[in-house]
1. Among GLY165, GLY199, GLY154, which is the only one that is under 19 Å from HIS73 (Cβ atoms), open to solvent by less than 50 Å² (accessible area, probe 1.4 Å) and among the small types (Gly, Ala, Ser)?
2. How many residues are in a loop (DSSP other than H, G, I, E, B) and open to solvent by 10 Å² or more (accessible area, probe 1.4 Å) when one looks only at the range 42-70?
3. Determine whether the range 115-127 contains at least one residue that is touching a Phe, Trp or Tyr at 6+ places or on another chain (Cβ under 8 Å), at pLDDT 95 or above and within 26 Å of VAL212 (Cβ to Cβ).
4. May I ask you to list pairs of residues, at least six apart or on different chains, whose Cβ atoms are under 8 Å apart, with the first in the range 147-174 being closer than 19 Å to TRP68 by Cα and in contact (Cβ under 8 Å) with a residue 60 or more places away in the chain and the second being of a type in the set (Gly, Ala, Ser) and open to solvent by less than 70 Å² (accessible area, probe 1.4 Å)?
5. Can we say VAL123 is open to solvent by less than 40 Å² (accessible area, probe 1.4 Å), of a type in the set (Val, Ile, Thr) and more than 16 Å from the chain's Cα centre (by Cα)?
6. Can you tell me which residue in the range 133-149 is least open to solvent (accessible area, probe 1.4 Å), limited to those that are assigned to a loop (DSSP other than H, G, I, E, B) and closer than 19 Å to VAL198 by Cβ?
7. Tell me, please, whether a residue that is open to solvent by 30 Å² or more (accessible area, probe 1.4 Å) and either closer than 24 Å to LYS150 by Cβ or in contact with a Cys (Cβ under 6 Å, 6 or more places away or on another chain) (or both) can be found in the range 216-225.
8. Scan the range 108-126 and report the pairs whose first residue is under 17 Å from LEU84 (Cα atoms) and whose second residue is open to solvent by less than 50 Å² (accessible area, probe 1.4 Å) and not in a helix (DSSP H, G or I), with Cβ atoms within less than 7 Å and a gap of 6+ or a chain change.
Amino acid sequence: MAHPSSKPAARTGCGDGCTGFKPSSPRCVRCHARAGEGYGALWEDGRGRCAWANPDNPAYMAYHDHEWGVPSHDDGHLFEMLVLEAFQAGLSWECILNKREGFRRAFDGFDLEKVCAYDEEKVEDLMGDPAIVRNRAKIRAAIKNARVFKAIQGEFGSFAGYLWGWVDGVPVRETGRTTSPLAERVSRDLKRRGMAFVGPTTVYAYLQSVGVVQGHEDGCWLHGGDGRR
């Protein structure tokens, strides 16, 4: 999808009402809709990407290109993403991604056993850590969710076994949604088990992030793939 004007267009937009890809401005819907007419020109490498990806943030682009939507069966990664998605509720994912290393340090590398053992003293320590989102309810939810996560592992052999069982091990391919009947069912079940900050929208974002739902948009260079990189 390379385009001869890819370099100059990468920051100036398409000229048809597009304000350019700046963190403070909205993505150009016209450009995104015309995937076959040079949408890749808005990216320096000529590859079209999902409208939410920010070309001015290398970490965000790397996350989109190499992690988001990749089918994950690793409980360590699944737990990390569950914690981060819960913290994202009401915020932007880019905000959480920018603080990801801070979260990893603060939550002991997302070591499940350690997080399960956190007490109120640890909650206070985390509330004083500027490297993460200091929200007491979300911090307590992370601990609570870790314990439920562990209980699910005990019941199903792994959290991956539980999660992928909802789709019989086969990713669901759909775009343009912020929730779905699947997300609603998983959300209800996780809440029933005692998890918090796992509403349908948060769960849907989680399912997309770990590849249970393949959500790369039409016009994205990863659209239509199996999620593997």
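1. On the way: GLY199 fails: under 19 Å from HIS73 (Cβ atoms); GLY154 fails: open to solvent by less than 50 Å² (accessible area, probe 1.4 Å).
Result: GLY165 is the single residue among GLY165, GLY199, GLY154 that is under 19 Å from HIS73 (Cβ atoms), open to solvent by less than 50 Å² (accessible area, probe 1.4 Å) and among the small types (Gly, Ala, Ser).
2. So the answer is 11.
3. Yes: the range 115-127 contains one or more residues that are touching a Phe, Trp or Tyr at 6+ places or on another chain (Cβ under 8 Å), at pLDDT 95 or above and within 26 Å of VAL212 (Cβ to Cβ).
4. Correct list of pairs: ALA160/SER72; PRO171/GLY211; PRO171/GLY227.
5. Judged against the criteria, VAL123 is a match.
6. So the residue we want is VAL133.
7. yes
8. Cβ pairs passing all conditions: VAL115/PHE107; LEU126/ILE132.
The values are calculated or read from the model by the stated rules, or taken from the named source; none is laboratory data. Only a predicted model underlies this, so the values are computations on that prediction, with no experimental measurement involved. Reconstructed Cβ throughout: ideal geometry from the backbone, glycine too, with neighbour counts over all protein chains shown. Side chains included, ligands, DNA and RNA excluded: accessible areas come from the protein's heavy atoms. Shrake-Rupley method; radii C 1.70, N 1.55, O 1.52, S 1.80 Å.
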